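Contents: one structure, followed by commentary.
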Amino acid sequence: MKIYGLLVAALLMTLVGCAAMDTEAKGDRQDALYACDCGPQCKCNTVGTKPGKCACGAPLKGGHVIKTEGNEALMCTCGPDCQCKLDPNDPTKCGCGKVVKRVDLKGSGVYFCNCGGSCMCNTVSDKPGECKCGMQLKKVD
């Protein structure tokens with residue numbers, strides 16, 4: 001009888017853990033970023049924290065910030081719901097194998113965390129606030 005109690009407890013803990021992960025993945029994501037993906041010839045540089053359209057009319061492609069360097073966000077292009085990190089063996093790819101896209105945040109209206117040099121807080125927002133590390137988010141005009 002004890003084994004059944006342990007199995008039920010383990011199952012409940014797993015379900016609670018999965019629900020918490022699901023809430024984190026879908027809830028208050030602070031790293032979701034949408035950028036124009038209409039090709040290298042396009043210079044519209046539309047960036048936002050919500051889905052929408054580029055200035056050129058193409059749909060914004062969703063991803064998530066995996067790092068910022070100066071005024072650039074390194075964005076994984078696997079989608080805003082993915083949780084992967086930068087591939088430690090290949091800095092041009094995410095852990096999921098997708099290519100990392102460099103997005104210039106200057107003039108985008110997006111507030112972002114830049115802890116200095118290379119920041120891994122990955123916080124972006126459409127309004128002022130605090131980064132995960134406690135610094136104020138900045139916007140580069």
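The values are calculated or read from the model by the stated rules, or taken from the named source; none is laboratory data. This one's a predicted model, so the numbers in the text were calculated from it and none came from an experiment. A quick note on method: Cβ atoms are made from the backbone with ideal geometry, for glycine too, and the neighbour counts reach across all protein chains shown.
For the stretch 21-59, a tally of residues being at pLDDT below 85 and not in a loop (DSSP other than H, G, I, E, B) returns 6. Among the residues of the stretch 101-141, those that are farther than 15 Å from His64 by Cα and small (Gly, Ala, Ser) comprise Gly107, Ser108, Gly109, Gly116, Gly117, Ser118, Gly129, Gly134.
Checked across the stretch 65-73, the condition of being more than 14 Å from the chain's Cα centre (by Cα), in a strand (DSSP E or B), without any contact (Cβ under 8 Å) to a residue 60 or more places away in the chain and surrounded by 13 or more Cβ atoms within 10 Å (Cβ to Cβ) holds for no residue.
Would it be correct to say that Asp81 is acidic (Asp, Glu) and either touching a Lys or Arg at 6+ places or on another chain (Cβ under 6 Å) or under 16 Å from Arg29 (Cβ atoms) (or both)? For Asp81, the condition - acidic (Asp, Glu) and either touching a Lys or Arg at 6+ places or on another chain (Cβ under 6 Å) or under 16 Å from Arg29 (Cβ atoms) (or both) - is met. Hey, does the stretch 81-89 have a residue that's over 9 Å from the mean Cα position of the chain (by Cα), assigned to a strand (DSSP E or B) and assigned by TED's automatic domain parsing to the domain that holds Gly39? Looking through the stretch 81-89, at least one residue is over 9 Å from the mean Cα position of the chain (by Cα), assigned to a strand (DSSP E or B) and assigned by TED's automatic domain parsing to the domain that holds Gly39. Every listed requirement among (1) within 29 Å of Asp141 (Cβ to Cβ); (2) out of contact with any Leu (no Cβ under 9 Å at 6 or more places or on another chain); (3) of a type in the set (A, V, I, L, M, F, W, C); (4) modelled with pLDDT of 90 or more is met by Cys121 save one, (4). Scanning the stretch 95-121 for residues that are farther than 16 Å from Asp37 by Cβ and part of a strand (DSSP E or B) yields Tyr111, Phe112, Ser118, Cys119. The requirement of being in the same structural domain as Glu130 (by TED's automatic domain parsing), within 24 Å of Gly134 (Cα to Cα) and under 15 Å from the mean Cα position of the chain (by Cα) is fulfilled somewhere in the stretch 49-61, by at least one residue.
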